[in-house]
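All remarks here apply to the structure that follows.
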Amino acid sequence: MQGTILLVEDEAAIAAFVQTALEREGFAVEVVEDGRQALACVNQALPDLIILDLILPGVNGLEVCRTVRRMSTYVPIIMLTARGEDVDKVVGLELGADDYITKPFNTRELIARVRAVLRLARSRATMDELDRLRIGRLEIDLTGRTVTVGGQPVDLTPKEFDLLVLLASHPGRVFGRETLLEKVWGYDYLGDSRTVDVHIQRLRRKLEEDPHRPRYLLTVRSIGYKFARED
Ligand code: CA
């Protein structure tokens, strides 16, 4: 299966035409005809993509778009607009729609847009995964340089963060104090290896449930430290 698509369209003829075209391409399509039903569907199970008509009875397409964008999970949205709705198109994109198609459109154009938006969304999801290290209750966002423990943000200094990332991205590998000093502080740093110990202690206090019996940042006697391997 190519993915699930929620189609929100109140004009039955257009809905049927789009549904047939998408199903022929292997997509599973659910059709609803107003915004309220659309939001109910999204709350129940997230589709891979939403095709959303702009002008709907009751809760209109823009409100649906705005509401979906406030959710924590990202779902790609393609807006359907009629000719002459230029202003609304822009607003739709500003609200976070990924693309729009102006009626009337042909199926080939529609399928091409759907595939392009899905491809982009999937590569974005993969990138998000690559940007994060998750170890137990610990989550490290490498791009945002933030750390959470059990979902709670933890305040780290830049050096603490760099030290943690170096260790956590090589679980099980033993690093000597001198190596850590060189890699995190640089060759020309004048401090001694006590600096590493001090930073490890601070990290343990911030990250470990019991800093005296660390679960993540382990001491390797007379050598240095390693990050626990997840078993
Ligand atoms: Ca409509």
For this session: State yes or no: is LYS226 under 17 Å from ASP155 (Cα atoms), of a type in the set (D, E, K, R), touching a residue at least 40 places away in the same chain (Cβ under 8 Å) and touching a strand residue (DSSP E or B) at 6+ places or on another chain (Cβ under 9 Å)?
Result: no
For this session: Test each condition in (1) over 15 Å from PRO171 (Cβ atoms); (2) in a loop (DSSP other than H, G, I, E, B); (3) under 29 Å from the mean Cα position of the chain (by Cα) for LYS206 and report the one that comes out false.
Result: (2)
Exercise. Would you pick out the residues in the range 37-64 that are more than 14 Å from the ligand (Cβ to nearest atom) and surrounded by 15 or more Cβ atoms within 10 Å (Cβ to Cβ)?
Worked result: LEU39, CYS41, VAL42, LEU46, PRO47, ASP48, LEU49, ILE50
For this session: Being closer than 19 Å to THR4 by Cβ and surrounded by 15 or more Cβ atoms within 10 Å (Cβ to Cβ) narrows it down to one of ALA121, ALA125, so name that one.
Result: ALA121
Problem set entry | Residues within the range 30-53 that are under 21 Å from ALA82 (Cβ atoms), in contact with an Asp or Glu (Cβ under 9 Å, 6 or more places away or on another chain) and hydrophobic (A, V, I, L, M, F, W, C), tallied | 5
For this session: Quickly run through the range 141-158 and pick out the residues that are under 19 Å from PHE227 (Cβ atoms), open to solvent by 60 Å² or more (accessible area, probe 1.4 Å) and not in a strand (DSSP E or B).
Result: LEU142, ARG145, PRO158
For this session: Could you pull out the residue among ILE200, ILE223 that is loosely packed, with under 14 Cβ neighbours inside 10 Å and hydrophobic (A, V, I, L, M, F, W, C)?
Result: ILE223
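Rundown of residues vs (1) aliphatic (A, V, I, L, M); (2) within 16 Å of the ligand (Cβ to nearest atom); (3) open to solvent by 70 Å² or more (accessible area, probe 1.4 Å); (4) more than 19 Å from the chain's Cα centre (by Cα), yes/no style:
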site: THR107; (1), (2), (3), (4): no, no, no, yes
site: ILE111; (1), (2), (3), (4): yes, no, no, yes
site: GLU129; (1), (2), (3), (4): no, no, yes, no
site: ILE135; (1), (2), (3), (4): yes, no, no, no
site: GLU139; (1), (2), (3), (4): no, no, no, no
site: GLY172; (1), (2), (3), (4): no, no, no, yes
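The values are calculated or read from the model by the stated rules, or taken from the named source; none is laboratory data. Not measured: the values here are computed from a predicted model. Counting neighbours? That spans all protein chains shown, and the Cβs are built from the backbone with ideal geometry, glycine included. Side chains are part of the model used for accessible areas, which takes the heavy atoms of the whole protein and leaves out ligands, DNA and RNA. Shrake-Rupley method; radii C 1.70, N 1.55, O 1.52, S 1.80 Å.
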